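**Q** My questions will all concern the structure given below.
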Amino acid sequence: MERCDVIVLGVGTCGEDAALRLLRAGHDVVGIESNLIGGECPYWACLPTKSLVRSANLVTEARRANGLVGSVEVEADWSVVAQRLRDEITGGWDDSYGEHRFAASGGRLVRGWGHIVAPRTVQVGETFYEARKGIVLATGSAPFVPPIPGLSEVGFWTNREAVAAEALPSSLAILGGGPVGVELGQVFARFGVKVSIIEGQDRLLGSEEPEVSAVVAAALEAEGVELRLGNTVNEVAESAGSKLVRLSGGGSVRADEILVATGRRSDAESLGVAVVGAQIENGFVKTDNRMEAADGLWAIGDVTGKGMLTQVGLYQGSIAVETILGGDPTPADYTVMPRAVFTDPEVGAVGLTEAAAKEEGLDTRIVVKNLQATFRGWLHRSGNEGVIKLVADDRESVLVGASVVAPTASDLLGFLSLAIKSRTPIPELAEMIYAFPSFYGAIGEALGAYGRGVVRVLDPETEPMIGDPSPTE
């Protein structure tokens, strides 16, 4: 039996961050990891996919010069993109630097699959590790592969194979129209791949606002991406040297490769959490608002099912660490959860959608503004498709949700998140001075800033959140 202060089971992004915080506080930490240190985010998800997005955006942005500054010809070369991703972004999927960083901080790293066998005790192979304070569970998630007849036999990609591709197929069928599907679909289409996205719901990005879905769908279709919405997959088969995807709505899609982007799942039940009394709900570990799942067990990141986003795991980790160190952290609150989809145009959203606000019984006030009818959007011209949607609690006169589709929409989330979290009254938001013309200023236009008269120059129809003052008698 080897002993320590804290065991971190899963040294992905949020697990490593929690471990390093505990190490800096002087704790003896054992980190257990069966894959790469840092996990999904730096090797197969957040960072490499955004590298691909950056490369693909450069191709299209250069072509957008036509009609604005003259003409530009671009010859895209995927091998350059793949080499940068392999050598610079992921380091060849070599985590030796992460291993060194962990050891240099004083941590003990154990390679292998671990599971809980008793309170504060984890087994890896034939070795048992016991923690005096407890276990931080941060084992992440894996792609969910639906049980489609024939899929396993013909083979498929997940996000891992997609980002590691040294060469591209001529055609690609993507199962799933969520963030992963639309981001990678647009990337590959911009490098000449014939892309079809198959989605069971009647729109892409089904958890976001319908207006957001419409803009993203139009952008993808304008680039030649085929959308097969309202379709599930009945079966997959080999056919004439390619893969045939037969759809529930009739018809089929033929492609050289299939990318499964149907969400992610946690393997919580195999981790032994029930041994210590932790509960599993819908495949995820249930925690309280201080991330405690059972006595001496904290769970953070994807294994909790809260958003399945890196920023959420890091947030949860900070709460768990402060609790372990004897502090009294602010309880976890997921009301203001910023999220982004890195398509072109980008999607940035935070708080409640209109539908969610109405489900909560709020008396809502809604503003929807076309980005092209804002000053910065109008000036941007090529690539200026987008929309701003603000959801307000009309009774309290505060924002409760916001969605933006625009270039760099993710960078607008700080302002919107703060406005929602602080419950700043909408009249105060409208009275702020906004840099003009700017994309964040476009939100000001939707709120009713800029004197409320100028905003109608480009958009005479849309009523801002704060209208003109009533005339006095």
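**Q** With helices defined as uninterrupted DSSP H runs, which ones in the chain have an alpha carbon span along their own long axis of at least 15 Å and mean Kyte-Doolittle hydropathy of at least 0.5? If you can, show how the numbers build up before the last one.
**A** Details: long enough: 13-24 (17 Å, 0.03); 46-63 (26 Å, 0.08); 179-190 (17 Å, 0.59); 210-222 (18 Å, 1.23); 310-324 (21 Å, 0.55).
For the chain, where a helix must reach 15 Å along its axis and average at least 0.5, the hits are 179-190, 210-222, 310-324.
**Q** Next question, about the same structure. By the 4.7 Å beta carbon criterion, which cysteine residues of the chain come out unpaired?
**A** Within the chain, the cysteines lacking a partner Cβ under 4.7 Å are Cys4, Cys14.
**Q** Give the average over all directions of the projected area of the C-alpha convex hull of the chain, one decimal, in nm². Before the final figure, lay out each step's value.
**A** Numbers: hull surface 105.1 nm².
Taking the Cα atoms of the chain, their convex hull projects to 26.3 nm² on average.
**Q** Any idea how far the Cα center of the stretch 349-426 sits from the one of the stretch 181-210, in Å?
**A** 23 Å
**Q** Which residues in the stretch 9-43 have a backbone N closer than 19 Å to a point placed 7 Å from the Cα of Phe128 along the Cα-to-Cβ line?
**A** 9, 30-32
**Q** Out of all DSSP beta bridges with both ends in the stretch 51-200, state the antiparallel percent to the nearest 5. All intermediate terms of the calculation are to be shown ahead of the outcome.
**A** Numbers: 8 of 14 bridges.
Once the DSSP bridges in the stretch 51-200 are tallied, antiparallel ones form about 55 percent.
**Q** Sticking with this structure for a sec: With a 10 Å radius around each residue's Cβ, average the other Cβ atoms per peptide and rank 46-56, 149-159, highest first. Don't skip to the end; give the middle numbers.
**A** On the way: 46-56: 19.6, 149-159: 15.9.
Final packing ranking: 46-56, 149-159.
**Q** If contacts are Cα pairs under 8 angstrom and at least 6 residues apart, what is the relative contact order of the stretch 151-262 in percent? Walk me through the numbers on the way to the answer.
**A** Numbers: 219 pairs, mean separation 39.2, N = 112.
Taking the mean separation of contacting Cα pairs over the length of the stretch 151-262, I get 35 percent.
**Q** With the contact rule set at Cα under 8 Å and sequence spacing of 6 or more, what percent relative contact order holds for the stretch 1-157?
**A** Values: 229 pairs, mean separation 57.2, N = 157.
Computed over the stretch 1-157, the figure is 36 percent.
**Q** Return the percentage of antiparallel bridges among DSSP beta bridges fully within the stretch 151-262, rounded to the nearest 5 %.
**A** Details: 10 of 24 bridges.
Just about 40 percent of them are antiparallel.
**Q** While we're on this one: Of all trypsin sites (Lys or Arg not before Pro) in the stretch 392-452, which ones are in loop regions per DSSP and have a Cβ with at most 10 other Cβ atoms within 10 Å?
**A** Here the sparse-neighbourhood loop sites are Arg395.
**Q** Another question, if that's okay. Can you tell me the relative contact order of the chain? Whole percent, Cα pairs under 8 Å, sequence separation 6 or more. All intermediate terms of the calculation are to be shown ahead of the outcome.
**A** Values: 990 pairs, mean separation 61.7, N = 473.
Relative contact order comes out at 13 percent.
**Q** Further, regarding this structure: If we sort 305-317, 348-360, 326-338 on the protection proxy, mean other Cβ atoms within 10 Å, highest first, what's the order?
**A** On the way: 305-317: 21.0, 348-360: 18.9, 326-338: 12.8.
Per-residue mean Cβ counts within 10 Å order the peptides as 305-317, 348-360, 326-338.
**Q** Quick check: net charge around Ala442, other residues with Cβ under 9 Å of its Cβ, Lys/Arg +1 and Asp/Glu -1?
**A** Details: positive: Lys369, Arg376; negative: Glu445.
Neighbour charge sum, excluding Ala442 itself: +1.
**Q** Under 19 Å from a point placed 7 Å out from the Cα of Met337 along the Cα-to-Cβ direction: which residues of the stretch 12-34 have their backbone N that close?
**A** Correct set: 13-15.
**Q** Quick one: work out the % antiparallel among DSSP beta bridges in the chain, nearest 5.
**A** Here the antiparallel bridges make up roughly 60 percent for the chain.
**Q** For a label point 7 angstrom out from the Cα of Thr330 toward its Cβ, which stretches of the stretch 291-315 have the backbone nitrogen within less than 18 Å?
**A** Residues 291, 311-315 qualify, since their backbone N sits under 18 Å from the label point.
**Q** Give me the distance in nm between label points sitting 7 Å out from Cα along the Cα-to-Cβ direction at Leu458 and Arg101, one decimal.
**A** 4.0 nm
**Q** While we're on this one: For Lys389, list the lysines whose Cα falls under 29 Å from its own Cα; do not include residues on the same chain fewer than 8 positions away.
**A** The qualifying lysines are Lys50, Lys306, Lys358, Lys369, Lys421.
**Q** At a Förster radius of 51 Å, what calculated FRET efficiency corresponds to the Cβ-Cβ distance of Asp94 and Gln279, to the nearest 0.05?
**A** Numbers: r = 38 Å, r/R0 = 0.74.
Working from the Cβ atoms, E equals 0.85.
**Q** What distance in nm lies between label points placed 7 Å from Cα along the C-beta direction at Glu223 and Glu360?
**A** Once both label points are built, they end up 3.3 nm from each other.
**Q** Now, a different point. Please compute the net charge surrounding Leu352, taking Lys and Arg as +1 and Asp and Glu as -1 over other residues with Cβ under 15 Å from its Cβ. Write out the running numbers ahead of the final one.
**A** Numbers: positive: Arg339, Lys358, Arg365, Lys389, Arg395, Lys421, Arg423; negative: Glu208, Glu209, Glu211, Asp333, Glu354, Glu359, Glu360, Asp363, Asp393, Asp394, Glu396.
Its environment carries a net charge of -4.
**Q** Sorted by packing (mean other beta-carbon atoms within 10 Å per residue), highest first, where do 2-14, 402-414 land? Please report the intermediate quantities before stating the final value.
**A** Numbers: 2-14: 25.4, 402-414: 21.8.
Averaged packing, sorted descending, gives the order 2-14, 402-414.
**Q** Also, quick follow-up: Expressed as a fraction of 2.2 N^0.38 Å, the rule-of-thumb size for a compact globular protein of N residues, what is the C-alpha radius of gyration of the stretch 301-460? Write down the numbers at each step before the final one.
**A** Numbers: Rg = 17.1 Å, N = 160, 2.2 N^0.38 = 15.1 Å.
The reported ratio for this selection is 1.13.
**Q** Could you work out [θ]222 nm for the chain from helices alone, using -39500 (n - 2.57) per DSSP H run of at least four and dividing by all its residues? Round to the nearest 500 deg cm²/dmol. Please report the intermediate quantities before stating the final value.
**A** On the way: 15 runs with 136 residues, N = 473.
Rounded to the nearest 500, the figure is -8000 deg cm²/dmol.
Read-outs: derived from the displayed coordinates by stated rules, not from any lab. Every value quoted in this text rests on a predicted model; they were computed, and no experiment measured them. Don't worry about glycine lacking a Cβ; one is built from the backbone with ideal geometry, like all the others, and counts go over all protein chains shown.
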